1. Could you please give the count of residues in region B:31-46 that are among the hydrophobic types (A, V, I, L, M, F, W, C), more than 9 Å from DNA strand D (Cβ to nearest atom) and within 23 Å of the chain's Cα centre (by Cα)?
2. Would you mind telling me which numbered condition in (1) within 8 Å of chain B (Cβ to nearest Cβ); (2) at pLDDT 95 or above; (3) more than 15 Å from B:GLN163 (Cβ to Cβ) A:VAL176 fails?
3. Which of the residues that make up region B:114-126 are of a type in the set (Ser, Thr, Tyr), buried (at least 16 other Cβ atoms within 10 Å of the Cβ) and more than 7 Å from chain A (Cβ to nearest Cβ)?
4. Quick check, is B:GLU111 within 16 Å of DNA strand C (Cβ to nearest atom), within 14 Å of chain A (Cβ to nearest Cβ) and surrounded by 14 or more Cβ atoms within 10 Å (Cβ to Cβ)?
5. Got a number for residues in region B:38-70 being surrounded by fewer than 17 Cβ atoms within 10 Å (Cβ to Cβ) and part of a helix (DSSP H, G or I)?
6. Filtering region A:61-108 down to residues that are without any contact (Cβ under 8 Å) to a residue 24 or more places away in the chain and within 10 Å of the chain's Cα centre (by Cα), which residue is farthest from A:ALA31 (Cα to Cα)?
7. Condition first: near DNA strand C (Cβ under 10 Å from one of its atoms) and touching a residue at least 60 places away in the same chain (Cβ under 8 Å). Now tell me which residues in region B:29-60 satisfy that.
8. Being near DNA strand D (Cβ under 9 Å from one of its atoms) and touching a residue at least 12 places away in the same chain (Cβ under 8 Å) is the filter; apply it to region B:1-28 and report the residue that is surrounded by the most Cβ atoms within 10 Å (Cβ to Cβ).
Protein chains: 2
Amino acid sequence: MTRLTRAEAKARTRERLLDAAARVFAQKGLAGASVDEIAEAAGYSIGAVYSNFGSKEQLFVELLKEKANDRVIRAAEIMADAEPDEARRAFSQLVIEVADKDADFAPLQAEFWLYAVRNPELMETYAERMREPRDLLTELVGRSVPDPDRAGELSAIVIALFQGLVRMRRVDPDSVPDELFGRALRWLFTGAEADEEQK
Amino acid sequence: MTRLTRAEAKARTRERLLDAAARVFAQKGLAGASVDEIAEAAGYSIGAVYSNFGSKEQLFVELLKEKANDRVIRAAEIMADAEPDEARRAFSQLVIEVADKDADFAPLQAEFWLYAVRNPELMETYAERMREPRDLLTELVGRSVPDPDRAGELSAIVIALFQGLVRMRRVDPDSVPDELFGRALRWLFTGAEADEEQK
DNA sequence: GTCTATAGAGAGATAGAC
DNA sequence: GTCTATCTCTCTATAGAC
């Protein structure tokens, strides 16, 4: 058991606050969550928040900058190691898991998006964070789709569809059966391939 | 110029409040918007809100119930009169218009969805409202896709993709070129058709 | 670096006038 | 049916103790 330096202790507090903030913001929203709630959820009191972040809004922005694409990036990395066929199944599974198991992910993404839309000065930052997982996906798609423009377009479609289906399943599970995303991907790539040959 | 009855005057006030609420909630969110702001935007004062709606939250719920799918329903109706080929172009155009011109639509949809996720007692109501435009679309898709299950699945995919692309274009326009949605639909339906023949 | 206590502002909701 | 005035509570942010 090693002693923590002052800097390490502060970093640990910071991480705990960010994790707690992610949960509370997901459940109550940026405006609906109180600083007190977040601090308490992290096991600290208000003061800890203000000594680590300037304000509630700055805490939210830090969360957006550091964690907005964590899960998506990690998912993309896992996909990158899978076989093409297997990847489709894995993607379908991902919609189910994210929609059914991770209660906080989609609402938090929605909060981030709303904040970006309402605060133009952060929009580019947000867009950049979202481009990272997309670029990873584009690379993955590029293995079976030679044309780089097509690969980019397809990955944009895949991500938009993923987000849309996750939200839809969250409020109306029956409308998004387990294999729907996988099926959509098969149709999409079959169609795109046919299109390519036709040229 | 005809005189308004008492009931008509009240109905008019109610409508104006709902319209103003749509704008203000879209721009500031449910928690971020104040009742005062909404009343002022409608040209009334706080009292008018409380005499027509029980609370800020009830006003929001009324808005969700009455207006959540207005635009989508109307869009679906327009599509229903178009030729299949023309419909794809019209859909693509719709993404652009909704994302670029109607500043309030997507944020308000996000607010509605977040509210439904956070308030389970309203989730089914919300899901029903969203099923209406989807059913219209299913009928439209049914013209070219005989299997009703397939038609239902395809319309779920189309709507999820539509919402996803609108949000993506809103924060990162370059990633969603004008014709992307139309192209995605062509690939999707081509692929689904090929799938059907294969059986 | 974190906690406790508090100042100060803002906003939801109500009561009574018109 | 709508407006004005107000009551009340909650929450952000800060100051000072430890």
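The values are calculated or read from the model by the stated rules, or taken from the named source; none is laboratory data. Since the structure is predicted, the reported quantities are computational estimates derived from the model, not experimental observations. FYI the Cβ positions are ideal-geometry reconstructions off the backbone, even for glycines, and counts take in every protein chain you see.
1. The initial filter retains those residues of region B:31-46 that are among the hydrophobic types (A, V, I, L, M, F, W, C), namely B:31, B:33, B:35, B:38-39, B:41-42, B:46.
From what is left, the residues that are more than 9 Å from DNA strand D (Cβ to nearest atom) are B:31, B:33, B:35, B:38, B:41.
Of the ones still in play, those that are also within 23 Å of the chain's Cα centre (by Cα) are B:31, B:33, B:38, B:41.
Within region B:31-46, residues that are among the hydrophobic types (A, V, I, L, M, F, W, C), more than 9 Å from DNA strand D (Cβ to nearest atom) and within 23 Å of the chain's Cα centre (by Cα) number 4.
2. Going through the list (1) within 8 Å of chain B (Cβ to nearest Cβ); (2) at pLDDT 95 or above; (3) more than 15 Å from B:GLN163 (Cβ to Cβ), A:VAL176 breaks only (3).
3. At the first step, the residues of region B:114-126 found to be of a type in the set (Ser, Thr, Tyr) are B:115, B:125-126.
Those still in the list that are buried (at least 16 other Cβ atoms within 10 Å of the Cβ) too: B:115, B:126.
Hit for region B:114-126 is B:TYR115, nothing else.
4. Values: within 16 Å of DNA strand C (Cβ to nearest atom): yes; within 14 Å of chain A (Cβ to nearest Cβ): yes; surrounded by 14 or more Cβ atoms within 10 Å (Cβ to Cβ): yes.
Here the answer is yes, as B:GLU111 does meet what is asked.
5. Here is the first cut: in region B:38-70, the ones surrounded by fewer than 17 Cβ atoms within 10 Å (Cβ to Cβ) are B:40, B:43, B:45-47, B:50-51, B:54-55, B:57-58, B:65-67, B:70.
If we keep only those that are part of a helix (DSSP H, G or I) too, we end up with B:40, B:46-47, B:50-51, B:57-58, B:65-67, B:70.
Adding up the residues that qualify gives 11.
6. Residues of region A:61-108 without any contact (Cβ under 8 Å) to a residue 24 or more places away in the chain: A:70, A:74, A:78, A:81-83, A:85-86, A:90, A:93, A:97, A:101.
Add one more test, that the residue is within 10 Å of the chain's Cα centre (by Cα), and what stays is A:70, A:74.
Numbers: A:ASP70: 23, A:ARG74: 29 Å.
Looking at residues that are without any contact (Cβ under 8 Å) to a residue 24 or more places away in the chain and within 10 Å of the chain's Cα centre (by Cα), I get A:ARG74.
7. B:LEU30
8. In the first step, residues of region B:1-28 are kept if they are near DNA strand D (Cβ under 9 Å from one of its atoms); the result is B:6-7, B:9-14, B:16-17.
Then keep just the ones that are touching a residue at least 12 places away in the same chain (Cβ under 8 Å); that gives B:10, B:13-14, B:16-17.
Numbers: B:LYS10: 14, B:THR13: 17, B:ARG14: 19, B:ARG16: 17, B:LEU17: 23.
Among those that are near DNA strand D (Cβ under 9 Å from one of its atoms) and touching a residue at least 12 places away in the same chain (Cβ under 8 Å), it is B:LEU17.
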